[in-house]
1. Exceeding 30 Å between C-alpha atoms, which entries from my cross-link table qualify? They are Lys187/Lys224; Lys25/Lys78; Lys78/Lys217.
2. Name the residues whose placed amide hydrogens come within less than 5 Å of the amide hydrogen of Ala61, ignoring near sequence neighbours (fewer than 5 apart) on the same chain.
3. Across the range 59-73, in residue order, what do the Karplus-derived ³J(HN,Hα) couplings come to in whole Hz, using 6.51 cos²θ - 1.76 cosθ + 1.60 with θ = phi - 60° and x for Gly and Pro?
4. Set the Förster distance to 45 Å, then compute FRET efficiency between Lys24 and Asp167 from the Cβ-Cβ distance, nearest 0.05.
5. Which of the peptides 112-124, 31-43 is most tightly packed, and how do the rest follow, going by the mean number of other Cβ atoms within 10 Å of each residue?
6. Using per-residue counts of other Cβ atoms within 10 Å, averaged over each peptide, order 76-89, 217-230, 153-166 from highest down.
7. How would you rank 61-67, 190-196, highest first, on the average number of other Cβ atoms within 10 Å across their residues?
8. Taking amide hydrogens as modeled 1.01 Å from N in the peptide plane, which residues meet the under 5 Å criterion relative to Tyr111, leaving out close sequence neighbours?
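Computed from the coordinates by the stated procedures, all read-outs in this text should not be read as laboratory data. All figures in this text were calculated on a predicted structure; none of them were measured in a lab. Positions of Cβ are generated from backbone atoms using ideal geometry, with glycine treated the same way; all protein chains shown enter the neighbour counts.
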Amino acid sequence: MKDHSVRNPETTQGRPLLVIDDDKKLCALIHEYLAPHGWQVDIRHNGTDGLATALTSTYEAIILDVMMPGMDGFEVLKELRKTSNTPVLMLTAMGDEADRIVGLELGADDYLPKTFSSRELLARLRAVTRRSSTAVFSQDSSGDLVAGPLRINEESHSASLNEQPLDLTLLEFAILVSLMKSNGRVKSREDLLEDVSERRFDIFDRSIDVHISQLRKKLNDDPKQPTFITTIRGIGYRFEEGGHS
């Protein structure tokens with residue numbers, strides 16, 4: 001099998017990045033721009049080769065196209081997420097909302113329309129790798145989940161912010177734990193509802209938004225400049241690095 005990888009000859013110790021896209025011209029442009037910024041770029045032009053490479057090598061991030069012949073980006077991502085948490089930045093044609101929703105629900109970290117600028121690509125890439133390398137929450141010796149000034153103990157069902165107790169309902173507590181454990185990834189409303197309840201909800205059920213709103217008030221979290229819970233429009237929510245955003 002012919003090796004389609006491309007590496008920057010002047011950056012042998014660069015940050016490893018895998019690009020999976022059948023558009024050879026676009027791949028060359030991505031490599032040309034990112035290599036001088038310290039990225040060591042590998043390229044695969046189909047989903048099958050890309051998945052095999054992603055599963056057998058270590059990368060800081062993967063840029064993955066949605067539309068490819070044969071194994072498309074969604075299939076690649078679905079298989080990848082069974083064993084890997086490598087940050088994935090998906091490329092979508094014209095920023096199609098349906099593609100964004102599907103990709104994020106399957107575990108993509110971010111997305112870009114194929115009309116992106118090189119500066120935006122670099123910024124998004126840095127953002128997804130930064131979120132991945134910085135733990136959203138930690139677990140101390142007592143077993144508490146800790147994110148900045150926020151502390152959760154699942155066994156005692158207690159929560160505190162700045163060492164002050166939080167009066168959370170059972171559902172608010174469960175939502176907060178689910179978001180914290182998502183490791184900085186987007187959680188759709190449907191995923192949250194299934195996480196916190198034994199019964200299944202309609203995917204259009206917006207009751208989760210009301211509970212998120214109440215939870216934000218108790219966390220003193222401004223939705224316009226969130227410290228803990230960020231809204232991903234039309235999709236769901238993501239837990240941020242508490243106290244450090």
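1. Working: Lys187/Lys224 19 Å; Lys25/Lys78 26 Å; Lys78/Lys217 35 Å.
From Lys187/Lys224; Lys25/Lys78; Lys78/Lys217, over 30 Å: Lys78/Lys217.
2. Under 5 Å from the amide H of Ala61: Leu18.
3. For the range 59-73, the Karplus curve yields 10, 6, 7, 10, 9, 10, 7, 6, 8, 9, x, x, 7, 7, x Hz.
4. Details: r = 58 Å, r/R0 = 1.28.
Result of the calculation: an efficiency of 0.20.
5. Details: 112-124: 13.8, 31-43: 18.5.
Packing proxy ranking, top to bottom: 31-43, 112-124.
6. Working: 76-89: 18.4, 217-230: 15.1, 153-166: 12.9.
In decreasing order of mean packing, 76-89, 217-230, 153-166 become 76-89, 217-230, 153-166.
7. On the way: 61-67: 24.0, 190-196: 17.9.
Final packing ranking: 61-67, 190-196.
8. It is Met90, by chain and number.
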